[in-house]
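The values are calculated or read from the model by the stated rules, or taken from the named source; none is laboratory data. Because the structure is predicted, anything quoted here is derived from the model rather than measured. Every residue, glycine among them, receives a Cβ derived from its backbone with ideal geometry; neighbour counts consider all protein chains shown. With ligands, DNA and RNA removed, areas are computed over all heavy atoms of the protein, side chains included. Shrake-Rupley method; radii C 1.70, N 1.55, O 1.52, S 1.80 Å.
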Amino acid sequence: MRDGSNAPPTPAPTGSSDHFPFTAVVGADDLALALVLTAVSPEVGGVLVRGEKGTAKSTMVRGLAAVLPHQSVVTACRFGCAPGDTAACPDGPHDADAPAHTRPARLVELPIGATEDRVVGSLDLERALARGETAYQPGLLAAANRGILYVDEVNLLHDHLVDLLLDAAAMGRNTVERDGVSVAHPARVVLVGTMNPEEGELRPQLLDRFGLTVEVAAPRDPGPRAEVVRRRLAFDADPTAFTATFHDDQQALRARIDDARSRVRQVRLTDAVLARVATVCAGFEVDGLRADIVTARAAVAHAAWAGRTHVTLADVRAAARLALPHRRRRNPFDSPGLDEALLDELLGDDEPDPDPDRSPAPGTDPGDEGPEQGPDDGHEPDAAPTAGGAGSRADDGHAREPQPAGRLDDTSRSAEADPAEPTSASGTTDPADATATAGPAPRNGSGTDDIAAPPAQPYAARLLRAKGTGHGEAGRRSTALTTTGRRVGSTSARTGPVHLPATIRAAASRGVHGSTGGTPERLRVTGRDLRRSVLQGREANLVLLCVDASGSMAARKRLEAVTAAVLSLLLDAYRRRDKVGLVTFRGSGAELALPPTGSVEVAARRLQGLPHGGRTPLAEGLATAYETVRIERLRDPSRRALLVVVTDGRATSGPDALARAARVAAHLRHEGVESVVLDCESGRFRMGLAARLAEQLGAEHLPVDELAASAIVGATRAATGRAA
């Protein structure tokens with residue numbers, strides 16, 4: 001709940017030079033196509049853009065609003081409805097001759113810290129308290145109606161808000177039933193989310209709810225990279241002049257989108273083509289039927305975008321490349337991707353008849369279309385129909401100049417890719433896949449005794465919960481006071497959602513004020529009466545793995561058990577929305593192999609390729625772990641950390657190795673770092689060094705023969721309980 005005026009939130013400006021022109025972005029053809037398709041047909045279900053930092057994700061999304069057709073809006077409508085719109089609206093009904101004005105399509109950005117009240121709208125607090133009226137205060141979904149709702153870093157948004165946004169976008173309506181408010185209003189939005197996978201993933205259930213997904217990466221060729229820099233510098237120097245250079249391209253693209261929108265309802269999807277869609281989705285073994293529905297809708301939008309009145313296999317192929325990659329993930333460590341050779345095999349070569357009721361003329365071959373073929377011949381044209389020259393191709397066989405993203409060449413993406421390079425679903429080299437393929441280079445030791453960690457399958461881990469109540473970031477692990485959850489009390493703090501009953505009680509405790517003249521007494525609420533809700537939910541934790549990668553750990557069976565157990569912790573951290581970090585030590589030093597991150601996919605790849613061998617610098621490993629925890633405490637003091645040390649307790653690198661390790665362990669204990677020691681010592685004669693290390697750390701000691709995932713989780717539960 002929030003206070004304020006009745007006007008909906010002000011959207012981000014979309015002036016001619018406020019944002020980098022959509023058609024001026026070099027490359028990123030798949031991203032441009034996905035954004036255009038969902039603009040042509042919002043029923044596709046929105047776009048999720050995944051990619052490394054600095055790949056123009058936000059630039060393209062913000063530029064899309066400028067090429068969308070302008071809208072006619074009823075002047076008195078808070079929800080941006082069009083005159084004559086038959087959808088039920090709280091400010092309606094709207095006659096066709098209602099007073100209206102024309103405005104550009106809106107781009108509304110959703111802040112990461114937005115509350116549910118801000119998104120869906122809520123009770124107008126000022127009118128409720130001052131005049132006793134129950135009135136609805138529109139939220140961001142109302143402001144974004146018939147426009148774009150953009151969520152940057154959507155993977156960092158609370159899951160319940162992402163689910164709420166996807167529900168509203170899928171239904172085209174936002175329904176509010178809370179705080180005495182019962183209202184439903186149109187919310188036909190083009191939902192676009194961007195994210196960097198290294199900062200954490202979306203849940204598979206939420207990932208599936210996005211209609212299309214695009215993987216983007218920066219170009220590796222010097223030519224396109226130089227052109228990107230050249231255009232960016234020109235825009236920064238004179239935005240108005242640079243935008244004017246692409247004015248014709250912007251107008252042409254806007255006209256083409258408008259034309260496709262008017263044609264999309266006329267596009268026919270025959271049963272034969274629909275059967276191919278089902279064949280493709282079944283062949284890729286995607287779960288559920290949402291993939292079939294989205295692929296069919298995207299294929300229809302692509303046909304309208306290409307100027308056709310019926311769906312062809314080229315449309316299905318383009319739609320499947322955007323709708324299926326993120327739905328093929330079988331477990332959280334799988335990277336999205338699509339085997340395009342399998343896609344072509346499932347689609348086949350024979351184009352279904354666009355008109356199943358048509359009969360061939362007597363004496364003619366049913367497959368003979370004659371020498372003349374129009375744009376609806378079922379084959380992909382040399383260039384998609386364009387407005388103002390957009391979409392042209394080079395026909396002279398020479399290399400083309402880098403094409404702006406607005407010039408959508410949607411017939412081929414990956415044919416020019418180097419077959420030796422790992423590629424993402426968009427046909428571009430995926431640096432994460434390349435890293436996973438090559439594996440990390442040997443570190444801190446000679447290559448003669450290096451043994452790569454064998455592949456291992458993670459186990460299902462039990463839920464870990466710290467006792468007591470923390471104050472960390474919202475997650476799914478330990479009980480904490482967070483920004484979301486159930487209401488457990490109130491406070492006089494200045495931030496947070498308003499607790500209406502507590503506010504009224506605070507005002508009532510000062511007495512009821514009346515006035516002369518026979519007017520009824522009225523409760524007067526002032527600013528000092530406001531009370532904020534205290535919400536109890538769950539928090540996320542930091543799990544820091546400190547792994548001994550020395551030669552004493554390189555026995556194969558032991559290494560397999562350690563790898564499987566640590567992967568189990570990573571899988572559990574993924575499901576609980578924890579941050580994870582990885583410290584390894586071998587040879588003469590230690591390395592922070594993975595800084596604390598929300599992306600367990602990266603952690604899993606680093607672990608699978610982890611080499612072993614060399615001496616055991618235990619003190620250096622513990623010192624690196626302590627420094628990592630110290631820095632994370634400065635960044636986020638409320639996040640509780642658990643250090644998991646995987647070692648046999650030996651220390652063989654440098655003078656007085658055991659004594660130095662003992663001093664660092666004592667310092668960790670003194671600083672309150674909770675730890676678990678996984679004892680990997682084996683054999684008939686054991687020195688008990690890991691048990692001694694656990695005593696020095698004040699940690700739980702877990703022998704190697706109890707190293708199953710369930711045993712690790714149990715020890716972690718006990719340690720996090722002591723941390724409360």
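Give me the number: length gained by fully extending Asp271 to Arg220, i.e. 0.36 nm times residue separation minus the C-alpha to C-alpha distance, one decimal in nm.
Numbers: separation 51, 0.36 × 51 = 18.36 nm, distance 4.22 nm.
Between Asp271 and Arg220, full extension yields an extra 14.1 nm.
What is the Cα convex hull volume of segment 280-324 when expressed per residue in Å³? If you can, show how the numbers build up before the last one.
Values: hull volume 2.6 nm³, N = 45.
Per-residue hull volume (Cα only) is 57 Å³.
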Task: Average projected area [Cα convex hull, segment 117-271], square nanometres - done: 15.3 nm²
Open item on the list: Can you tell me the length gained on complete extension of the stretch Glu133 to Ala241, counting 0.36 nm per residue apart and subtracting the Cα distance?
Closed with: 33.8 nm
- [ ] Please report, largest first and rounded to whole Å, the three semi-axes of the ellipsoid equivalent to segment 126-186, where each semi-axis is the square root of five times an eigenvalue of the C-alpha gyration tensor.
- [x] 25, 13, 11
Task: DSSP-loop trypsin sites (Lys or Arg not before Pro) across segment 18-69, with at most 15 other Cβ within 10 angstrom - done: Lys53
Open item on the list: Which residues among segment 258-287 fall inside the zone where the amide N is under 12 Å from a point 7 Å beyond the Cα of Glu345, along Cα→Cβ?
Closed with: 283-284
TODO: Compute the label zone of Arg686 within segment 646-664: residues whose backbone N is under 17 Å from the point 7 Å along Cα-to-Cβ.
DONE: 646-651
Open item on the list: Check which residues have an amide H placed less than 5 Å from Val26's amide H, if you skip close sequence neighbours.
Closed with: Ala405
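Which translational diffusion coefficient, to the nearest whole µm²/s, is obtained for segment 218-268 from the Stokes-Einstein equation, given a Kirkwood hydrodynamic radius over C-alpha pairs, 37 °C and 0.692 mPa s? Working shown, then result.
Values: Rh = 13.5 Å.
Rounded to a whole number, D works out at 243 µm²/s.
As an exercise, identify the GluC sites (Glu not before Pro) in segment 626-682 lying in DSSP coil whose Cβ has no more than 11 other Cβ atoms within 10 Å. Walk me through the intermediate numbers first.
On the way: sites: Glu627, Glu632, Glu671, Glu674, Glu681; in loops: Glu671, Glu681.
Passing sites in segment 626-682 are Glu671.
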- [ ] Could you estimate the translational diffusion coefficient of segment 36-76 from the Stokes-Einstein equation, with Rh from the Kirkwood formula over C-alpha pairs, at 20 °C and 1.002 mPa s, in whole µm²/s?
- [x] 173 µm²/s
Task: Label-point separation in nm, Ala88 to Glu52, each point 7 Å along Cα→Cβ - done: 5.0 nm
Task: Stretchable slack from Arg486 to Ser638, in nm (0.36 nm times residue separation minus alpha-carbon distance) - done: 52.7 nm
Open item on the list: I'd like the accessible area for Arg650: 1.4 Å probe, protein heavy atoms, all chains in place, Å² to the nearest 10.
Closed with: 90 Å²
Open item on the list: Given a Förster distance of 25 Å, report the FRET efficiency between Leu658 and Glu627 from their Cβ-Cβ distance, rounded to the nearest 0.05.
Closed with: 0.75
Task: Ser41 - accessible surface, heavy atoms, 1.4 Å probe, Å² rounded to 10 - done: 10 Å²
Task: Inter-label distance, nm, simple model (7 Å from Cα along the C-beta direction), Leu592/Met171 - done: 4.5 nm
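For segment 203-342, what number results from the quotient of the Cα radius of gyration and 2.2 N^0.38 Å? Could you put the intermediate results ahead of the total?
Numbers: Rg = 18.8 Å, N = 140, 2.2 N^0.38 = 14.4 Å.
Its radius of gyration relative to the 2.2 N^0.38 Å reference: 1.30.
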